[in-house]
1. Among the residues of region 126-149, write down those that are without any contact (Cβ under 8 Å) to a residue 40 or more places away in the chain, hydrophobic (A, V, I, L, M, F, W, C) and either farther than 30 Å from Phe102 by Cβ or assigned to a strand (DSSP E or B) (or both).
2. Out of region 185-198, which residues are surrounded by 14 or more Cβ atoms within 10 Å (Cβ to Cβ) and either modelled with pLDDT under 95 or over 18 Å from Leu160 (Cα atoms) (or both)?
3. State whether the residues of region 173-189 include one that is assigned to a loop (DSSP other than H, G, I, E, B), out of contact with any helix residue (DSSP H, G or I) (no Cβ under 9 Å at 6 or more places or on another chain) and of a type in the set (A, V, I, L, M, F, W, C).
4. Any idea how many residues of region 45-68 are assigned to a strand (DSSP E or B) and surrounded by fewer than 22 Cβ atoms within 10 Å (Cβ to Cβ)?
5. Looking at Ile245, Ile232, which one is surrounded by 15 or more Cβ atoms within 10 Å (Cβ to Cβ) and touching a Cys at 6+ places or on another chain (Cβ under 7 Å)?
6. For the structure I just gave you, tell me whether Ile97 is more than 16 Å from the chain's Cα centre (by Cα), part of a strand (DSSP E or B) and not basic (Lys, Arg).
7. Can you tell me which residue among Arg80, Arg35 is in contact with a strand residue (DSSP E or B) (Cβ under 9 Å, 6 or more places away or on another chain) and farther than 20 Å from His138 by Cα?
8. How many residues, within region 148-183, are crowded, with 18+ Cβ neighbours inside 10 Å and either in contact with a Gly (Cβ under 6 Å, 6 or more places away or on another chain) or aromatic (Phe, Trp, Tyr) (or both)?
Amino acid sequence: MKLFGLIGYPLSHSWSAQYFRQKFEELQLEDHEYRLFPLEKIENFPGLLSDHPGILGLNVTIPHKVTIIDYLDGLSKEAREIGAVNCIRLRESAGSIETMGFNTDCYGFRRSLEPLLEKYHRNALILGTGGASKAVAHVLNELGIQFRFVSRNPESPLILKYEELRKEILEQNTLIINTTPLGMFPDIKSYPDIPYQFLNKKHLLYDLVYNPSETQFLRKGRQAGAMIKKGIEMLQLQAEESWRIWNSFQ
């Protein structure tokens with residue numbers, strides 16, 4: 001059995017297992033399996049590998065995209081630049097298991113964002129400062145889009161607090177990306193505390209949360225006249241890129 005899976009905690013929101021199971025069925029890969037591995041503490045990662053020696057590939061979700069790096073043997077150039085990993089390739093090397101970290105979030109985010117960009121989307125707000133935000137920032141840098149992070153507990157004076165989001169800030173920053181888990185199942189009533197009344201048709205709201213399909217963040221943006229982008233396409237694109245990586249290096 002060729003085993004793949006997802007680590008993170010909690011995993012009740014995840015569609016990854018469903019996605020890959022359907023993929024394996026379509027490709028008639030009866031000897032492939034994708035499992036969820038709830039991992040509350042990253043310190044338990046080595047034990048997980050010991051308990052499941054046949055794992056060939058893993059996806060990584062919150063809250064381990066940054067802390068997993070210390071447990072890997074190597075990183076791709078992009079993952080090293082970003083400082084976050086959401087895809088791990090495992091293979092046998094010299095009698096031991098070698099773990100290599102990649103970031104496919106940036107691939108999925110860029111591919112799904114670029115077709116929506118207009119000439120006035122030159123300044124952005126990134127809501128959240130976790131592992132996913134690092135991939136988003138990397139892509140915006142590549143696209144030449146200026147951005148600022150927004151956090152409830154900023155660790156730097158360069159990071160905005162939510163209460164600092166005045167009308168003029170939202171008017172200037174017409175691209176707003178939510179990288180926090182706010183609104184994610186099962187806490188579907190929560191949403192980032194931004195002044196939605198200052199949004200207009202030039203704004204593009206992008207939510208990395210994909211479950212539910214339309215979060216409160218996106219609903220409020222749509223009701224204010226903004227364009228919205230759901231997170232499901234990014235999920236699909238990053239999953240396909242993970243699949244490519246797992247199969248290209250076996």
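The values are calculated or read from the model by the stated rules, or taken from the named source; none is laboratory data. This is a predicted model, so every value here is computed, not measured. Cβ atoms come from the backbone with ideal geometry, glycine included; neighbour counts cover every protein chain shown.
1. Those that are without any contact (Cβ under 8 Å) to a residue 40 or more places away in the chain, hydrophobic (A, V, I, L, M, F, W, C) and either farther than 30 Å from Phe102 by Cβ or assigned to a strand (DSSP E or B) (or both): Phe147, Phe149.
2. Hits for region 185-198 are Phe185, Ile188, Ser190.
3. Yes, the conditions are met somewhere in region 173-189.
4. 2
5. Testing whether each residue is surrounded by 15 or more Cβ atoms within 10 Å (Cβ to Cβ) and touching a Cys at 6+ places or on another chain (Cβ under 7 Å) leaves just Ile245.
6. Spelling it out, Ile97 is indeed more than 16 Å from the chain's Cα centre (by Cα), part of a strand (DSSP E or B) and not basic (Lys, Arg).
7. Going through Arg80, Arg35 in turn, the sole match is Arg35.
8. Within region 148-183, residues that are crowded, with 18+ Cβ neighbours inside 10 Å and either in contact with a Gly (Cβ under 6 Å, 6 or more places away or on another chain) or aromatic (Phe, Trp, Tyr) (or both) number 3.
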